[in-house]
Amino acid sequence: MPQQTAWLVTVILVAILAATFLRVVSTASSSAAYEPIAKRATSWRPRLFWLLALFTVIVLAFTLRRLPYSRGDGGAPAQVVRITGSQWAWQLSHDTVQSGQPVEFQVTSNDVNHGFGIYDARMRLLAQVQAMPKYTNLLRYTFATPGRYTIRCLEYCGLVHHEMRTDLIVSGPAAAVSGGGQ
Ligand SMILES: [Cu+2]
């Protein structure tokens, strides 16, 4: 869904931009007095500013609430997977987690920046975070359904970047095999 929305918004904005360009091109050869045009444009400025400010406040009010950041309650989840990216492979402290319970991925890198991305079987991106050298990023995600998930690199990191993929197995809630907090 977010991809479709982003796609639609992009298409609409590009269409508006293209229409603006076409209008500028079609009216470029006609001449007009400068003063009235400048006056009209400046009179619009405060209105546009407040419109934009209102728009920003509304958008922030709707989007900030939905940030997936932890509110600091409950501490680290029981399932912790340490992830290290390096050219050109992912190293996982374990490759099996349980569904229905939050998993904390502690993501870092041995060399350059990588992008840690988790995909489902239909190759839809579920969650992602940067893998940075000398820094550990936390990504918390709860898998709703068991199955085989794929981890891929989302940031071009050199010649064999495209081979940076590995599997993550999500088992059902009953099969508490590995993945205990450590
Ligand atoms: Cu890469």
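The numbers here are math on the coordinates, done by the rules we state, and not lab data. Since this is a predicted model, take the numbers as computed values, not measurements. All Cβ positions, even for glycine, are placed from backbone atoms using ideal geometry, and neighbour counts span all protein chains on display.
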Over the chain, what is the percentage of antiparallel beta bridges among all DSSP beta bridges, to the nearest 5?
-> 70 percent
What angle do you read, to the nearest 10 degrees and between 0 and 90, between the alpha-carbon axis of helix 34-64 and the longest principal axis of the chain?
-> 20 degrees
When the Cα centres of segment 6-74 and segment 121-168 are compared, how far apart do they sit, in Å?
-> 34 Å
Estimated FRET transfer efficiency (R82, R122; beta-carbon r; R0 35 Å; 0.05) = 0.85
For segment 1-87 the trypsin sites (Lys or Arg not before Pro) that pass both the DSSP coil test and the at-most-15 other-Cβ-within-10 Å test are R65, R66, R71
Loop-resident trypsin sites (Lys or Arg not before Pro) in segment 94-176 with no more than 12 other Cβ atoms inside 10 Å, DSSP not H/G/I/E/B, are R122, R124, K134
Per-selection metrics, the chain (Cα): Rg and Dmax in Å = 23.9, 78
